[in-house]
Structure formats: structure tokens, C-alpha cells
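Right, one structure below, let's go through it.
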Amino acid sequence: MTDAPQRLTIRRPDDWHLHIRSGAMLRAVLPLTARQMGRAIIMPNLVPPAVTTTQAEAYRDEILAALPAGSRFQPLMTAYLTDGTDADDLERGFRSGVLTAVKLYPAHATTNSAHGVTSIAHVVPVLERMQAIGMPLLVHGEVTHADVDIFDREAVFLETVLTPLLARFPRLKIVLEHITTAEGVDLVRRHGPSGRLAATITVHHLMINRSSLFAGGIRPHLYCLPIAKRESHRLALRRAATSGEPWFFLGTDSAPHPIGAKESACGCAGIFTAATAIELYAQVFDEEGALDRLEAFASLNGPAFYGLPPNADSIILERGGCVVPDVLDVDGRNAVLPFRSGERLDWRLLAE
Ligand code: OTD
Ligand code: ZN
Ligand code: ZN
């Protein structure tokens, strides 16, 4: 115990998968991420979704206007792929620096994904263009057919959609977002070395399994998509995240909803981890005896995959802990419940 590090200095991390919404919710949640992360890939599943370069640019301007004074946080924008997406528009957005990537949601796979792609066949010309210009495709990897069990949706997607996609587009850069299964880990390991496939891993999927959703009663705040899987999958994800392999990196998928929308007869999917994201990841890496690999996962692997430099500055984490805020007020009427609300964590991010 005596040689356990008390302090950890790492390059400033980035969040390669984040939902921050718009309006009052954006203004409430954004400062929490901006305090920790240098950059974040901003998910486009607004209502209505950000589909075009112009819409992504307007959303970026709203985010920049909501940043605390002096913040150097950089939002990296994505466009929501639809059956009707215009390849010329995406290319313009990518070349002008407005767009970093394109997001593929199978129609109805998750919150606000009704406009998603109904079949890969409909977007072949767009994917060909992205492959040609080196624009990454970010994938929500679940099939949505009602006859596929919710716990099997990722594994079936890997087999029936992603594997053919990898074969059809051998040079397209793909990020399999928020992986939740051992099968996902295996596929990324298989294709990671060629530089065309990587995965983000959320901290909640490193911390909870499907039994956690029903521990002592139904736990709506632990409901997210893809849904947490059984314990063996959680352990495979922990081994992957802490392995140091460059094709796994940090993406919280922090997805805030008002408490009333979660605690409902039909509660929304999404877990809000942004308030203490890096502290939660640090705890997992510490538990796995892998604190020396946190920096690669949180701060180096993501930029390398996206072809960006790591952040120039650093953060300091200190053992001794912090308490997760109880609730986050949004606008006096709505509030969000952070993951592990009110609980003590082992690490604390030092203020600048
Ligand atoms: N999953 N909730 C949301 C998105 C993600 O699939 C996702 O990326 C959301 O609320 O936007 C969720 O459970
Ligand atoms: Zn998703
Ligand atoms: Zn997401």
C-alpha cells in the first residue's frame, strides 16, 4: 500500500463520445465536461438532429457561447447520418473543419434516433466518399429488429452489419461506439492493428452489469443503451480498457435526462457521468492496478486514431477522493441525477 501513488499527472483527457443537448441543459452540463476534457466528440442526436454541416455549425456556435469564460474546451462536431445525407455537404463540412466525423444510428436504436439509417444500402455512396476523404464513421452498434433480444443486439450487429461493412469499405475509419460485449472487444482487437477500427468504452459499462439494473428494485438511472450486459462482458471491457492497446479509448456517452424523464413508467435511456468522468475512470484503472495506463486510454489513443495531437496541458488527480454531487440543477424546474450521486470516489481532480 505504501508505494501506491497518491498523485497522478496525465495529459488532459478528451471525451470521444458525449451528449450535451442544447438550451438550458447544455448550459448546465457543459461546464462539467469543459473542466476536465480538452475536447469532446459531440453527438448530434438533438431534436431535430444535426444532419447538415450548417446545422452542426450552428450547434457548435451554441456550445461555444455556453462555455465558461476563458475555457479552451473544443467541441468536435458530428453530423447525423440519414438515408438522405448529401456526400458533398459532408465533404465540405469535413474539409472546412466544421465536421470531425459522421454518426450512424440504426433507425430507433437509441434516444432520438428515429431519423437514423434504415439500411446500409441507402448510404453506400456517402460511405464511399467518407472512405475517400478519410472521414471517420462513428457507429451505434446495435440492430433494432423487435425479434432480436435486447441483450443480443450488439453481437448480432457485429455479425450482420459491421463485419460486412468492414469487408465492403476496407479503408473506412470506423469507431464502434460504447462497446458492451466481449464480442465487441474481440472484433476491435482483430481489426484494430490495421488502423481502421477502434472503440470507445464508457465508464458505466466498466462499473455496472445487467444485474445492477435490478439491485433491490428497478434502477432507472442505470438504464442506458446499449444496455449493460452480464458480468463476464464487464470484465472483458475492463481488461480491454486497461490493456493499453491503442484501439480502445475514453468515451463517456454521458447522456443527461431530467430526473422526471428517467423515473417514469417508460424511462429514457442514458446515464449522466460527466460530472466526475475522469475520477470514475481513475477508480476503475486503480482497481485494476493499471493507473499507469490511464493516460493512454484517456488522453493519447483517441487523438492518435483521429489524427490529432494530444492536448498540450495536463491534469492532476489526487488520491483522497471526492463526493459526486447529489443533483445538478438545470433551470430551477428540472434536475439531472449524476451516476453514483452522493457517493464517495477514490480520486479527485485538482482545480486548475
Ligand atoms: N445511449 N442514451 C442516449 C444516447 C446513448 O446510444 C447512445 O449513444 C441519449 O440519451 O442520447 C443512451 O442510453
Ligand atoms: Zn449510441
Ligand atoms: Zn451516445
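The values are calculated or read from the model by the stated rules, or taken from the named source; none is laboratory data. Note that this is a predicted model, so its numbers are computed, not measured. So basically every Cβ, Gly included, is an ideal-geometry build from the backbone, and we count neighbours across all protein chains shown. Note: areas computed on protein heavy atoms with side chains; ligands, DNA, RNA excluded. Shrake-Rupley method; radii C 1.70, N 1.55, O 1.52, S 1.80 Å.
Keeping to segment 209-221, report how many residues are surrounded by fewer than 20 Cβ atoms within 10 Å (Cβ to Cβ) and touching a residue at least 24 places away in the same chain (Cβ under 8 Å).
3
Restricting the first residue to segment 92-116 and requiring it to be in contact (Cβ under 8 Å) with a residue 60 or more places away in the chain, which pairs with a second residue that is within 12 Å of ligand 3 (Cβ to nearest atom) and open to solvent by 30 Å² or more (accessible area, probe 1.4 Å) meet a Cβ separation below 9 Å and a spacing of at least six or different chains?
105/112
Take the residues in segment 21-59 that are touching a residue at least 60 places away in the same chain (Cβ under 8 Å), open to solvent by less than 50 Å² (accessible area, probe 1.4 Å) and within 13 Å of ligand 1 (Cβ to nearest atom); name whichever of them is nearest to residue 136 (Cα to Cα).
Step by step, filter segment 21-59, then rank; the result is 41.
When only residues in segment 261-278 that are within 23 Å of residue 289 (Cβ to Cβ) and more than 16 Å from ligand 2 (Cβ to nearest atom) count, which is surrounded by the most Cβ atoms within 10 Å (Cβ to Cβ)?
Checked segment 261-278; the qualifying residue surrounded by the most Cβ atoms within 10 Å (Cβ to Cβ) is 277.
Among the listed residues 90, 64, identify the single one that is in a helix (DSSP H, G or I) and in contact with a helix residue (DSSP H, G or I) (Cβ under 9 Å, 6 or more places away or on another chain).
Sole residue among the options that is in a helix (DSSP H, G or I) and in contact with a helix residue (DSSP H, G or I) (Cβ under 9 Å, 6 or more places away or on another chain): 90.
For segment 1-32, name all the residues that are in a strand (DSSP E or B), closer than 16 Å to residue 75 by Cα and among the charged types (D, E, K, R).
15
Quick one: how many residues across segment 222-240 are of a type in the set (Phe, Trp, Tyr) and crowded, with 23+ Cβ neighbours inside 10 Å?
0
Keeping to segment 45-61, report how many residues are farther than 20 Å from residue 336 by Cβ, not in a helix (DSSP H, G or I) and not small (Gly, Ala, Ser).
4
In segment 241-260, what residues are in a helix (DSSP H, G or I) and surrounded by 23 or more Cβ atoms within 10 Å (Cβ to Cβ)?
The answer is 241, and nothing else.
Within segment 181-204, is there a residue that is polar (S, T, N, Q), open to solvent by less than 40 Å² (accessible area, probe 1.4 Å) and more than 20 Å from residue 105 (Cβ to Cβ)?
Scanning segment 181-204, I find no residue that is polar (S, T, N, Q), open to solvent by less than 40 Å² (accessible area, probe 1.4 Å) and more than 20 Å from residue 105 (Cβ to Cβ), so the answer is no.
Is there a residue being assigned to a helix (DSSP H, G or I), at negative phi and open to solvent by less than 30 Å² (accessible area, probe 1.4 Å) anywhere in segment 171-180?
no
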